[in-house]
Amino acid sequence: MHVVVWSYRVAPGCEADFQALYAADGDWSRLFERSSAYLGTQLLRDVAEATRFVTIDRWRSRQDYEAFLESERSDYAMLDARGDALTVEETRIGAFDA
């Protein structure tokens, strides 16, 4: 399994929109579901800082994830721009193989 982890700081007042976009049933997950190699997303909210979130995206393999990024580049970029409008910081923590 391949896991990609991101950390976000959300603009104050945009938390609900961010959660709708990044939740396990949100628009990102619906985009990822175009691939049968997508295994799911988990959205975590920091208990001490309400505007800080982490996403954990699970894929069958790194190759599957990279193939998805290539095939869905345009739609990925459009969705990424929507997310950028809701955040003040986005950091890729890393990609990990389990």
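Figures for the structure shown
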quantity: Segment 9-91, dipole about Cα centre (Lys/Arg Cβ +1, Asp/Glu Cβ -1), debye to the nearest 20; calculated: 200
quantity: Within the chain, helix-based [θ] at 222 nm, where runs of 4 or more DSSP H residues each add -39,500 (n - 2.57), nearest 500; calculated: -10500 deg cm²/dmol
quantity: With every protein chain in place, the chain: carbon and sulfur % of accessible area (1.4 Å); calculated: 51
quantity: Probe 1.4 Å, protein heavy atoms only - accessible area per residue of the chain in square angstrom; calculated: 56
quantity: Glu49-Leu69 pseudo-label distance in nm [points 7 Å out on the Cα-to-Cβ vector]; calculated: 2.5
quantity: Per principal axis, descending, Cα span of segment 38-82 in whole Å; calculated: 37, 25, 11
quantity: Extension gain, Gln42 back to Arg62 (0.36 nm per residue minus Cα-Cα distance, nm); calculated: 5.4 nm
quantity: Low-density loop cleavage sites - trypsin sites (Lys or Arg not before Pro) in segment 27-63, where at most 12 other Cβ are within 10 Å (DSSP); calculated: Arg34
quantity: Paramagnetic label zone (point 7 Å from Cα along Cα-to-C-beta, Ala81; backbone N under 19 Å) in segment 1-19; calculated: 18
quantity: Protein-only accessible surface order, largest first, of Asp97, Asp64 at 1.4 Å; calculated: Asp97, Asp64
quantity: 0 to 90° range, to nearest 10: angle between helix 62-71 axis and the chain longest Cα axis; calculated: 80
quantity: Rg to Rh quotient for segment 1-48, alpha carbon positions, Kirkwood Rh; calculated: 1.00
quantity: Computed over the chain: relative contact order in percent, which uses C-alpha pairs under 8 Å that are six or more apart; calculated: 48
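The values are calculated or read from the model by the stated rules, or taken from the named source; none is laboratory data. Please read these numbers as outputs of a predicted model, since none were measured by experiment. So basically every Cβ, Gly included, is an ideal-geometry build from the backbone, and we count neighbours across all protein chains shown. Ligands, DNA and RNA are excluded from the accessible area calculation, which covers all protein heavy atoms including side chains. Shrake-Rupley method; radii C 1.70, N 1.55, O 1.52, S 1.80 Å.
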